[in-house]
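Reading through the C-alpha cells given below for one structure.
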C-alpha cells in the first residue's frame with residue numbers, strides 16, 4: 001500500500017507499507033510472530049526535483065522483522081555476522097535521472 005502527494009511543483013511527499021510474511025517453506029511451517037517469519041516495512045519519503053531531469057529522494061524506513069533469507073528483503077549473514085536485529089531503522093538518500 002502506498003500513497004504520495006505533490007505539495008508544490010518540485011516537492012513530493014509519500015509513504016508506503018510493505019507486509020511480507022512466510023507461512024510455510026520446504027523446512028516446514030514458520031511462526032509469523034517471530035522476526036524470521038515476517039518483514040513489515042513502514043516508510044516515509046520526500047522527493048525534490050532539482051531540474052526537470054534530476055531529483056533527490058530521502059526515505060526513512062522503520063522495519064519490524066527480517067523474513068526468511070536474503071530475498072526479497074536484502075538481509076545478508078555476511079554483513080550481519082552477529083545475527084539480525086528484530087527491528088531495523090534506515091535512512092536512504094537516492095538520486096534519479098530521467099530523460
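The values are calculated or read from the model by the stated rules, or taken from the named source; none is laboratory data. Everything numeric here is computed off the predicted structure, so don't read it as measured data. Ideal geometry is used to build each Cβ from the backbone, glycine not excepted, and the neighbour counts take in all protein chains shown.
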Checklist entry - Could you say whether any residue in region 6-22 is at negative phi, modelled with pLDDT under 85 and assigned to a loop (DSSP other than H, G, I, E, B)? => result yes
Checklist entry - Within region 4-48, how many residues are loosely packed, with under 12 Cβ neighbours inside 10 Å and in contact with a helix residue (DSSP H, G or I) (Cβ under 6 Å, 6 or more places away or on another chain)? => result 1
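Residues of region 36-69 being in a loop (DSSP other than H, G, I, E, B) and out of contact with any strand residue (DSSP E or B) (no Cβ under 7 Å at 6 or more places or on another chain), which ones?
Of the residues in region 36-69, the ones in a loop (DSSP other than H, G, I, E, B) are 50-53, 66-69.
Selection gives 51, 52, 69.
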